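Trainee: The structure is given below, and queries will be raised subsequently.
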């Protein structure tokens, strides 16, 4: 493909090192079932997976026994919320708190728990998309059982203060779950210092394979949760199913690379963002929907008033970017994230999501910015602006 890829928030290309390790796992004697430890093939696969579990745990400063493999962050979110309810909250009454800017894989399980009798409290964000810590602390009361808030927003790049939120939740004795699909491997995370009880992790957002993720469960505070799938005793009885060794190997390789390249990656995408904004400075009415202070530089929510994002994307045929979350791209409904930040339907319709990554080049940034400037100018001429 000859197009320029600026949709890293949706998914990332596999790192070459990840591909090499996955091919090795597929090609060598790693095909054994890790649950079949009565012979050397199963033992070898088991040992390999445990090494990978340690690599994943190391990135977030956890113990490897606190990592449960899943099919991705969506399953991890469901497992954290529904599994915690079944094990810890089922016979309790009270409220659970999340925000209007969360991923659908958090909001939908919360709706399920609402049908089971728990009261769901949805926090609206500040105008910049960030969670208001004072509002959160006031909302938590003696009936609050769980708080689930994401680290980096997948549509806007807003970076929530997870460390302060964890402090509030621990002080209030409330279970705290974090969706870290967009932040893992991009910013430093210490689950112990952040006082996180559960954290959902993804692989394909950080140059690893799709179809694999993990859930961190704090052994000191929760210990375990109930399974939401039935059919086996794998993963300490929390998540049944034969483990995909080659995908786990790929995820672990991606996490090791992320730990090695995190600072360089952050510096690089910060420069990409700065160059892009400088290069589109002639688009006078372009607006960033968030502020620079509370936003991860790799994700940009760019609003172009009076224009339609779909028309812009169509006009930029050689540039891969998006209107917003990949999970809602087929929906005609306006972004619930941008709507909760106070944007009207016209403003939402004119918003693009541009996201940079490890393999984005400065030349690509310049080409993309020039293409955007040209199509915006063209569309404005058509509209007579």
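Trainee: Looking only at segment 16-256, where both bridge partners belong to it, what percent of the DSSP beta bridges are antiparallel (to the nearest 5)? Numbers along the way, then the final one.
Mentor: Details: 10 of 26 bridges.
Of the beta bridges lying entirely in segment 16-256, close to 40 percent run antiparallel.
Trainee: Extending each Cα 7 Å along its Cβ direction at residue 86 and residue 64, get the distance between those two points in nm, one decimal.
Mentor: That separation, rounded to one decimal, is 2.7 nm.
Trainee: Expressed as a rounded percentage, what relative contact order does the chain have, with Cα pairs under 8 Å and six or more residues apart?
Mentor: Details: 721 pairs, mean separation 90.6, N = 385.
Averaging sequence separation for qualifying contacts and normalising by length gives 24 percent for the chain.
Trainee: Taking the alpha-carbon centroid of each part, what is the distance from segment 39-80 to segment 355-377 in angstrom?
Mentor: Using only Cα atoms, the two centres lie 37 Å from each other.
Trainee: To make sure I understand, if each residue's beta carbon is the centre and we count other beta carbons within 10 Å, what order do 156, 290 fall in, fewest to most?
Mentor: Values: 156 30, 290 22.
By the 10 Å Cβ count, ascending: 290, 156.
Trainee: To the nearest Å, what is the center-to-center distance of segment 303-319 and segment 166-200, using C-alpha atoms only?
Mentor: 36 Å
Trainee: Using Cβ counts within 10 Å as a stand-in for footprinting exposure, how do 278, 271 rank, fewest first?
Mentor: Details: 278 11, 271 15.
Least crowded to most crowded, the residues run 278, 271.
Trainee: What list do you get for 335, 3 if you sort them by fewest beta carbons within 10 Å?
Mentor: Working: 335 24, 3 13.
In order of increasing Cβ crowding within 10 Å: 3, 335.
Trainee: Could you give me the percent of Cα pairs per 5 Å distance bin for segment 232-356, shortest bin first, beginning at zero and ending with the bin that holds the maximum distance?
Mentor: Pairs per bin, as whole percents: 2, 9, 14, 17, 15, 12, 11, 10, 6, 3, 1, 0.
Trainee: Taking every alpha carbon pair in segment 27-176, what does the distance histogram look like in 10 angstrom bins from 0, in percent?
Mentor: Cα pair-distance distribution for segment 27-176, in percent: 10, 32, 31, 16, 10, 2.
Trainee: Next question, about the same structure. Return the single residue from 150, 300, 362 with maximal mean-square fluctuation; model: Gaussian network over the chain, springs between Cα atoms under 10 Å.
Mentor: Most flexible of the set in this elastic network: 362.
Trainee: Can you pull the semi-axes for the chain, root of five times each eigenvalue of the Cα gyration tensor, sorted largest first, whole Å? List each step's numbers first, then the result.
Mentor: Values: eigenvalues 254, 150, 56 Å².
Output for the chain: semi-axes of 36, 27, 17 Å.
Trainee: Now, a different point. What fraction, in whole percent, of alpha-carbon pairs in segment 267-314 exceed 18 Å separation? Provide the component values of the computation, followed by the final result.
Mentor: Details: 373 of 1128 pairs.
Looking at segment 267-314, the distances longer than 18 Å represent 33 percent of pairs.
We did not get these values from a lab; they are worked out from the coordinates using the rules stated. Just so you know, these numbers come straight off a predicted model, no measurement behind them. A quick note on method: Cβ atoms are made from the backbone with ideal geometry, for glycine too, and the neighbour counts reach across all protein chains shown.
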